[in-house]
Structures are given as C-alpha cells and as structure tokens.
Amino acid sequence: MAPTVSDRPGYGQLLRTPGAWTFLLPGFAARQPFAMLTIGIVLLVQHTTGSYGSAGAVAAVSGVAMALFAPQSGKLADRFGQRAVLLPGVLLHAVSVSALTVLALADAPLWALFVAAVPTGASIPQIGPMVRARWAAMLGATRDRPASPLMSTAAAFESVTDEFTFVLGPVIATALCTGVHPAAGLITEAALTLVGGLFFAAQRATQPAPRGAATAAEPHASALSVPGVRVLAVTFLGIGAVFGGMQVSLTAFSEEIGHPGVNGVLYGIFAAGNMLAGIACGAIAWKSSPRRRLIVGYMALTLTASGLWAVHSVPLLAGLGLLVGLCIAPALISGYTLVDALVPATARTEAFTWLTGAVALGQAAAVTVAGQLADAHGASTGFLVPLAGTTLALMTLLALRSRLTPKSPGRTVARGIGHREPVTVD
C-alpha cells in the first residue's frame with residue numbers, strides 16, 4: 001500500500017516508506033560507477049592515442065551499445081526479475097571494461113577498442129531505472145489505488161541521487177586518471193560496478209514482481225509503442241547531448257588552458273547545479289502539471305546552453321555550467337514522473353531504460369561530434385553540441401506535446417499493453 005501523506009509530501013515521508021532503505025543504499029553504491037565510465041574512457045584513450053576525436057568515438061560506441069541494449073535489459077527485468085538480469089550483467093561488464101583497459105594500454109588499433117567498447121556499454125547495469133521501478137511499484141497507480149503524491153518526490157529524489165553520482169563520479173575518475181594512472185578510473189569503475197551490482201541484486205524483497213508471474217490475460221508490447229514514451233525519448237536525447245558535450249568540451253577546455261585538473265571541478269559544478277535543482281523540485285508541492293514543467297524547464301535549458309560556446313574563462317564557464325545544471329533536473333524529473341501516468345506497471349522498467357538509453361545515445365553522439373570539433377577547431381566549438389541537441393529536442397517536444405497527455409479512463413494505453421486507471425497530470 002502507498003503510505004498516507006500530507007498535502008505537502010517531502011523527502012522525510014518518502015524515506016519512511018517501508019523497505020525503501022533496503023534498496024536505496026545498495027542502489028546508490030551500484031550506480032556510482034555509471035558516471036565514471038564515459039569520462040574514464042575519454043581520459044584513458046586520449047592519453048594513449050593523443051586524440052579527443054578517437055577518445056570520443058570509443059566512448060560513443062560504448063554509449064550507443066548501452067542505448068541499444070538497455071531497453072532489452074529493462075524488458076528482461078520486467079519479465080524475469082531484476083536479479084536475473086543483474087547477476088550476469090555485472091560480471092560481463094567487469095570483464096569487458098578490463099579488456100578495453102588492457103587493449104588501450106597495449107596501443108591496440110582503434111577498431112579493437114571499438115570492438116571492446118560494445119560489450120562494455122551493452123552490459124552497463126541499469127540500476128537507476130531499476131530503483132525507479134521499485135519506487136513505482138510501491139507508490140504508483142494500480143487498478144486498486146491512485147498514484148501516491150510521493151511519486152513526484154521519488155522522481156526528484158532519484159534525480160538528486162543520480163546527479164550526486166555525477167558530482168562525485170567525474171571528479172573521482174579524473175583524479176584517479178590524472179593523479180594515479182590513466183587506467184585507474186576505468187579499473188575503479190569496473191570494481192565498483194561488480195561489488196555494488198551484486199549487493200543491489202541481493203535485495204530481492206523490494207524488486208517488482210516479474211511479469212512472468214502475472215496473469216496471462218495481461219499482454220505486453222514494448223513500452224516504446226506508447227507515443228508519449230517516444231516523445232520523452234527524443235527529449236532525453238537532447239539532455240544526453242548536454243551531458244556528452246559538456247564532458248568532452250570541458251576536458252578539452254581544461255587541457256587548452258593548461259590546467260587539466262580543473263575539468264573535474266567544472267563538471268562537478270555543472271552536476272551540482274542539477275543536484276540542487278533536483279532537491280528543490282522534490283521539496284515543492286507543485287500545482288502545475290509535469291508536462292508543463294517539462295516544457296518550461298526545457299526552454300530554460302536550451303536558453304542557458306546557448307551561451308556555452310562564447311565563454312572562455314573558468315569563472316564564467318563555471319557559473320554558466322551551474323545554470324545549465326539547474327535547468328536539467330526539472331526536465332528529467334518531469335519526464336520520469338510522466339512515465340507512471342503513460343505506461344503500465346508491467347513495462348515500467350523498460351520505459352525507464354528507454355529514457356536512460358536515450359540519454360546515453362544523445363551523450364554518445366555528442367561525445368563524438370564534440371570531440372571532432374574540439375580537435376579541429378578548439379574546445380569552444382564543442383559547446384555548440386549542447387545547443388544544437390537541446391534546440392532540436394525542444395522543437396520536437398513543442399510539436400508533439402499533446403502525446404504526453406495520458407489516455408482517458410478505460411482506454412488502452414498502447415496496443416498489447418493493458419489498461420490504466422486515470423492519473424491526473426495535466
């Protein structure tokens with residue numbers, strides 16, 4: 001049962017949800033490496049090849065592999081349970097990252113790094129979507145109850161948790177790669193993924209019931225067949241372009257000014273803005289709909305990202321990066337909140353992984369393009385990538401915003417995906 005909450009649900013009430021801490025702590029530990037992977041690949045491959053373009057391309061292959069395989073991982077988790085997917089996944093990831101690291105240090109040809117990057121990205125454990133699916137199982141709407149007011153708070157809390165990892169992850173990876181050894185970031189990422197993933201998989205009591213245990217009368221199709229999920233996926237592609245463009249461009253900018261260590265600080269400030277905005281979003285009792293908040297937040301994100309390419313000093317870049325980060329969280333939180341209204345419980349993990357995969361795909365494309373631009377024209381041109389990505393995504397969001405409204409009561413959400421009780425989001 002969803003907990004009883006006041007008119008102003010907050011983090012305290014959310015964290016008192018029975019069983020929450022049993023998956024929150026291991027979930028945080030298991031998702032920490034996710035923020036270290038891309039920057040770890042970029043720093044190692046750039047060190048061994050001397051090219052940001054090559055480093056970005058290898059990281060992009062990893063990101064594309066994740067984007068393609070993450071939804072399949074989510075679909076399998078919905079069907080067979082999270083533990084069944086996590087156990088082999090974290091083992092494969094640790095082996096794949098180790099292979100990529102060895103090949104890079106051995107000056108293997110670029111094609112070999114591309115080959116190793118595929119299983120590295122494909123096997124990234126989808127801890128964030130799995131945690132969100134656990135919250136949705138506890139608090140989301142079912143045939144017997146409406147969604148708890150804490151759902152939006154849970155989405156905000158998860159955004160804060162994600163961004164806290166993006167505050168720590170790049171800083172840790174950069175410090176390890178620049179202060180210990182160029183491969184130290186990836187080695188640590190593999191070790192943390194293995195240990196944290198196994199610990200999270202052990203928390204079986206809070207995982208959503210596998211769809212295989214549900215009644216045969218509940219047919220299932222891909223969550224991507226829901227029109228609103230497709231719109232959100234495009235929207236999240238633009239957010240991925242911000243993450244990828246910022247990672248490569250900040251790294252190139254730091255190298256360009258002769259202070260590579262400032263990269264982790266600048267990216268940490270950017271991620272800290274996202275985290276602070278996420279905290280605020282979860283503490284506010286919103287009267288506007290998630291759809292409206294998504295549109296307004298995305299407009300602000302596009303506006304702030306438009307000035308990154310023109311900034312050439314560390315203090316100004318830190319300040320503008322903070323503003324960009326502040327605008328990301330409202331868009332992410334609103335998008336994830338909409339999933340509960342658009343998609344039935346039997347497809348939630350898959351839906352969340354489509355969004356996570358979209359971020360990874362956008363990040364992969366941005367890393368590649370920004371790396372090429374930074375190599376050819378300098379770090380500042382790499383910052384054009386976040387502007388282009390968010391502008392295109394915003395145009396799509398505005399044109400197709402009507403698809404983010406849930407179907408009326410009793411109507412089918414998507415072919416082959418059952419029915420939903422009404423949830424007010426607009």
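The string of couplings for segment 251-259 from the Karplus curve (6.51, -1.76, 1.60, θ = phi - 60°) is 4, 5, 4, 5, 5, 5, 8, x, 9 Hz, one whole number per residue in order, with x for Gly and Pro. Among 169-178, 53-62, 307-316, the peptide with the highest mean count of other Cβ atoms within 10 Å heads the list, and the full ranking is 53-62, 169-178, 307-316.
May I ask for the Kirkwood hydrodynamic radius of the chain, worked out over all distinct Cα pairs and given in angstroms to one decimal?
Numbers: mean 1/r = 0.0471 Å⁻¹.
For the chain, the Kirkwood estimate is 21.2 Å.
Volume of the convex hull of segment 258-313 (Cα atoms only), normalised per residue: 86 Å³. Between the residues Ala106, Trp135, Thr174, the greatest Cα displacement towards the positive end of the dipole of the chain, with unit charges on the Cβ of Lys, Arg, Asp and Glu, is found for Trp135.
Note the full-extension length gain between Trp111 and His259 as 0.36 nm times their separation in residues minus their Cα-Cα distance, in nm to one decimal. Show your work: numbers first, answer last.
Working: separation 148, 0.36 × 148 = 53.28 nm, distance 3.06 nm.
The span from Trp111 to His259 would gain 50.2 nm if fully extended.
For segment 38-72 versus segment 344-389, the spacing of their alpha-carbon centroids is 12 Å.
Hey, any idea what % of segment 16-142's accessible area is carbon plus sulfur with a 1.4 Å probe?
73
Each residue of segment 42-55 is assigned a 3J(HN,Hα), and the resulting list reads 4, 5, 5, 5, 5, 5, 7, 10, x, 10, 6, x, 5, 4 Hz, derived from the Karplus form 6.51 cos²θ - 1.76 cosθ + 1.60 (θ = phi - 60°), x at Gly and Pro.
Taking the C-alpha atoms only, the angle from helix 290-305 to the longest principal axis of the chain is near 10 degrees.
Would you mind telling me the share, in percent, of accessible area of segment 219-363 contributed by carbon and sulfur at probe 1.4 angstrom? The computed percentage sits at 75.
With every protein chain present, what is the per residue accessible area of the chain (1.4 Å probe, Å²)?
Details: 16170 Å² over 426 residues.
Dividing the accessible area of the chain by its residue count gives 38 Å².
This model, with +1 at the C-beta of Lys and Arg and -1 at the C-beta of Asp and Glu, gives the chain a dipole about its Cα centre of some 1560 debye.
The values are calculated or read from the model by the stated rules, or taken from the named source; none is laboratory data. Computed from a prediction, not measured in an experiment: that's the story for all the values here. Note: ideal-geometry Cβ built from the backbone for every residue, glycine included; neighbour counts use all protein chains shown. For accessibility, only protein heavy atoms count, side chains too; no ligands or nucleic acids. Shrake-Rupley method; radii C 1.70, N 1.55, O 1.52, S 1.80 Å.
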